[in-house]
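Take a look at the structure set out below.
Every number here is computed from the coordinates shown, using simple stated rules; none is lab data. This one's a predicted model, so the numbers in the text were calculated from it and none came from an experiment. A quick note on method: Cβ atoms are made from the backbone with ideal geometry, for glycine too, and the neighbour counts reach across all protein chains shown.
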Amino acid sequence: MSRVSQAQAEENRRRVVDTASRLFREQGTQVSVADLMKAAGLTHGAFYKQFASKEALVDEATAHAFAELARRYAVELQQYDGRRDAAQRALIDAYLSVEHRDDAADGCPVAALAVDVARGGEDREARRVYTEGVLDFAAFLAPGEDEEGGEGGDGIARLCTLFGALVLSRATKGSPLSEEILTAAHAALTQAR
């Protein structure tokens, strides 16, 4: 039996964290270690060489998902030459789309992980990471000084509207109400701007 190189072990760990991040957003953190490792293309035994526990992986996968989200809105800002209002509008358009509703695995961790994080206990690293991620996302969504709503105070309300609309539209998927929810939230967030 050959040993795995350090570089391969690091790549395997990245693959497990990325796979876990996607699966947890899609199916919740109750996904079994065996199913997770199978999805990552690795053996069940390899998990314990990389992680102290499933909870440790949940913590790391949550951080990974929020880092991915932060990269997305940083890219939006760069794409729109730092014009915050245009970047926010593009993010709102994408967030409240049918494509985002239907792709939980690559979607927003705020909506996908909320229930699991809430059930995980207040002393967990995932809760801390989640809370910081929510605050960062709300800060990105806050109106600029030149926008209606002033400086910062409205970011949490905007995030709540995005979050609520996405969760409700996913829960009502397959009915006309699902897309109506997305449309109504989009109008509420963009017509007031």
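HN-Hα J couplings of the stretch 84-100 from phi, Karplus 6.51/-1.76/1.60, θ = phi - 60°, integer Hz, Gly and Pro as x?
3J(HN,Hα) across the stretch 84-100, in whole Hz: 4, 4, 5, 5, 5, 4, 4, 5, 4, 4, 6, 5, 9, 9, 4, 4, 5.
Which order do peptides 82-94, 160-172 fall in by mean Cβ count within 10 Å, highest first?
Listed from highest to lowest mean packing, they are 160-172, 82-94.
Compute the Rg/Rh shape ratio of the stretch 53-190: radius of gyration over Kirkwood radius, all on alpha-carbon atoms.
So for the stretch 53-190, dividing Rg by the Kirkwood Rh gives 0.97.
Treating only the Cα positions of the stretch 1-47 as identical point scatterers, give the base-10 log of I(q)/I(0) from the Debye formula at each q in 0.14, 0.15 Å⁻¹.
So the normalised log intensities work out to -0.33, -0.38.
State to the nearest 20 debye the size of the charge dipole of the chain about its Cα centre, where the only charges are +1 on K and R beta carbons and -1 on D and E beta carbons.
840
From the residues Val98, Gly174, Ala112, which one has its Cα farthest along the dipole of the stretch 53-190 in the positive direction, the dipole being from +1 and -1 charges on Cβ of Lys/Arg and Asp/Glu about the Cα centre?
The Cα lying farthest towards the positive end belongs to Gly174.
Once each part is reduced to its C-alpha centroid, what is the distance from the stretch 1-53 to the stretch 101-128 in angstrom?
19
Would you please name the GluC sites (Glu not before Pro) within the stretch 72-132 that are DSSP coil residues with at most 14 other C-beta atoms within 10 Å of their C-beta?
Within the stretch 72-132, the qualifying GluC sites (Glu not before Pro) (loop, at most 14 other Cβ atoms within 10 Å) are Glu122.
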